[in-house]
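Chemist: This is the structure I have questions about; it appears just below.
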Amino acid sequence: MFEICLSCAVAEALVGITLTDLLAVTLGHMLLVAYEHSIGDVSRQFFSKT
């Protein structure tokens, strides 16, 4: 009984860590893409003015 509960707790912890990592990676990727797009827009505006 205790072993089953322990393995369930370990599985839940692993799933929780994995979901948290996926969320962090997804948010980081979205921020990076948005940052690159804003830099691209700024540089395009800058070069079109000069």
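The values are calculated or read from the model by the stated rules, or taken from the named source; none is laboratory data. Predicted model only: the values in this text are computed from it and were never measured. To get the accessible areas, we keep the full protein, side chains included, count just its heavy atoms, and leave off ligands, DNA and RNA. Shrake-Rupley method; radii C 1.70, N 1.55, O 1.52, S 1.80 Å.
Chemist: Give me the Debye-computed log₁₀ of I(q)/I(0) at q = 0.13, 0.23 Å⁻¹ for the chain, equal point scatterers on Cα only, no solvent, two decimals.
Modeler: Here log10 of I(q) over I(0) equals -0.53, -0.81.
Chemist: Against the longest alpha carbon principal axis of the chain, how many degrees, from 0 to 90 and to the nearest 10, is the axis of helix 2-49 turned?
Modeler: 0 degrees
Chemist: Tell me the carbon and sulfur percent of the accessible area for the chain, rounded to whole percent, probe radius 1.4 Å. Don't skip to the answer; put the middle values down first.
Modeler: Numbers: 3550 of 4690 Å².
So the carbon and sulfur contribution to the accessible surface is 76 percent.
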